[in-house]
Every structure is written in C-alpha cells, then in structure tokens.
C-alpha cells in the first residue's frame, strides 16, 4: 500500500517539475504562466535544482519501500512520530498560507496562483505516508 501511494505522490511532484520546465524553457502556452508555478522566493534555476534533488530522493525512497529492500525500507518506528507530526505541521502551514493568500490577495482565486501551495500538500502527503510506513512497521 505504501509503495504505490508514495509512487503516486512522486509522480504528481514530477509532473509539477516537468510542467514548470516546459513553461520556463520551452514556452509551452497551454500550461499556466511561469509566475503561477512558484512564489519567487527562490530564483528558478536554484529552485529547479532543489526540486530535482527532492525528486531523486523521493524516487529512491519509493523504490526501496516498494521493493522492501534498501536503507529507506528498513523499519524505523522512532521516525514515525516525527515524520507524521512534521507532515501535519507542514500541511497546516500550507492551509494557513492558502487562507491568508485568499484573504490578502482575493484576486488570486481567479488567476489560479496556488500551484505551489497544492504541491506543498503533495510533499506533506509524501512525508505523512512515509511516517505511516514506519509506524506500521512496529
């Protein structure tokens, strides 16, 4: 159960990275504009490197858990509480970010500039599933 769910969340994040690359480097116009893909807090070249590193780590973790072999597949029950709490705090922070964005910048409701927030939920979900995997391994 955990492997396929982690794979789905990894795929969603990969599609986000791919979509942003297509817009940034290939001028694809059928996807949202570049300013809708990220908040601009980190310059895009550095953000892309960080996203690729995250994606590689997610693929490694997912593959090892799916196969039941490797360092990330080793049950570590003491990780579960931290990962699940971190996931909940991360998701709550993104829910607050969304609420504040809608209150302070209501025009964004119609422009759809919430792609980064949605994909932070994907990452929070990945961390939560990983925590659940380690919890169930007790």
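Mind checking the full-extension length gain between residue 104 and residue 60? Use 0.36 nm per residue of separation minus the Cα-Cα distance, one decimal, nm.
Working it through step by step, the gained length comes to 12.0 nm.
Working from Cα positions, state the angle (0 to 90°, nearest 10) between the long axis of helix 115-136 and the longest principal axis of the chain.
Taking the Cα atoms of the chain, the angle to 115-136 is about 10 degrees.
Using only Cα atoms, find the angle between the long axis of helix 44-67 and the longest principal axis of the chain, and express it within 0 to 90 degrees, rounded to the nearest 10.
30
Could you tell me the relative contact order of the chain? Use alpha-carbon pairs under 8 Å, at least six residues apart, and round to a whole percent.
38
What distance in nm separates the two pseudo spin-label positions at residue 86 and residue 39, each 7 Å out from Cα along the beta-carbon direction?
Using points 7 Å along Cα→Cβ, the separation is 1.9 nm.
Hey, what number do you get for the chain at 222 nm if only DSSP H runs of n ≥ 4 count, each worth -39500 (n - 2.57), divided across all residues, to the nearest 500?
Result for the chain, helices only: -26000 deg cm²/dmol.
So for 30, 37, fewest C-beta neighbours within 10 Å to most, what's the order?
Least to most surrounded, the residues fall as 30, 37.
Only the coordinates and a few stated rules stand behind these numbers; no lab work does. These numbers come from a predicted model, not from an experiment. A quick note on method: Cβ atoms are made from the backbone with ideal geometry, for glycine too, and the neighbour counts reach across all protein chains shown.
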